[in-house]
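Contents: one structure, followed by commentary.
The values are calculated or read from the model by the stated rules, or taken from the named source; none is laboratory data. All of these numbers come straight from a predicted model, not from anything done at the bench. Virtual Cβ from ideal backbone geometry, glycine too; neighbours counted across all protein chains shown.
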Amino acid sequence: MKNQEDKLSSEEQIELEEQNAIKSVKKTKKKLNMSTIIALIAVLISSISAFISLYEARVLSDQKEASVWPYVEAKSNTSYKLEMKDSIHRLTEATYLYQIENKGVGPAILSEVKYIFDGNEISNWGLKLAMLNKFSETVPNVEIIQRNNNPIQDYILAPGESVEVASIQIKNNSDTLDFNTFVNTIPYHLEFCYCSIYGDCWKSIKTTVTKNSACSIREEIR
């Protein structure tokens, strides 16, 4: 009988030890699970912080670049001289001026400049010659005098600065010519690239300006 009791007591003890071992394993797993969760949360917080830092740096960089963006406008202006002849006011003379102006907040670095007349590229000083070739026969009673020209290739245009690219004086010796229309339809314009000091670039054709990353000078700046 005593042996039987001793045997039961041993079995109970083994069972108790097994239960304690199971509880210990469960506690260990619980601790491991909590540790894993805490570690994952720490990694997630660190990743979010890194992303926020990178985003803020990018925003600051964009703001920095935008704070020095140039905006170059190309346009022509015409002024006239009016005289009385045979009791009639006539336009006897005009000054045609083509200029560029930086209306942005940072300097503009100009490159790839093309001077275009009637669809063809000419030299920076070739406006008078191009006009004579085109109009000498069709409009013979007009005198064309080149007044000024300024090459702008690789020119750095400061904010608020304007440059007179070309100007010509046109004298009207005709009584029948629609002088105003003639002067205002001179087929001359510029094509050029310009970039900010951080390498943001734009392409200007006539009066249209578009963002452009293919400007040759861009890589030199960046």
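Some observations on this one:
- When residues of the stretch 123-141 are limited to those that are hydroxyl-bearing (S, T, Y) and at pLDDT below 90, the one surrounded by the fewest Cβ atoms within 10 Å (Cβ to Cβ): T138
- If you go through the stretch 138-159 and keep only what is more than 20 Å from T185 (Cα to Cα) and either acidic (D, E) or part of a helix (DSSP H, G or I) (or both), you end up with just D154.
- Screening the candidates P159, P140 for the property of being under 18 Å from the mean Cα position of the chain (by Cα) and in the same structural domain as S76 (by TED's automatic domain parsing) yields one hit, P159.
- Residues (on the phi > 0 side of the Ramachandran plot and out of contact with any His (no Cβ under 7 Å at 6 or more places or on another chain)) located in the stretch 171-220: G199
- Considering V183, V163, V209, the condition of being under 18 Å from N77 (Cα atoms) and in a strand (DSSP E or B) is satisfied by V163 alone.
- Among (1) assigned to a helix (DSSP H, G or I); (2) farther than 24 Å from E101 by Cβ - the single one L177 does not satisfy: (1)
- Search result, residues across the stretch 56-90 that are surrounded by 11 or more Cβ atoms within 10 Å (Cβ to Cβ), more than 30 Å from L190 (Cα to Cα) and modelled with pLDDT of 75 or more: E83, R90
- Count of residues meeting criterion [of a type in the set (D, E, K, R) and under 26 Å from the mean Cα position of the chain (by Cα)] in the stretch 67-88: 2
- Residue match in the stretch 104-114 (condition: touching a residue at least 60 places away in the same chain (Cβ under 8 Å), surrounded by fewer than 13 Cβ atoms within 10 Å (Cβ to Cβ) and of a type in the set (D, E)): no
- Tally of residues being farther than 13 Å from T95 by Cα and modelled with pLDDT of 90 or more across the stretch 150-177: 15
- Here K171 qualifies as touching a residue at least 12 places away in the same chain (Cβ under 8 Å), in a strand (DSSP E or B), among the charged types (D, E, K, R) and under 15 Å from V139 (Cα atoms).
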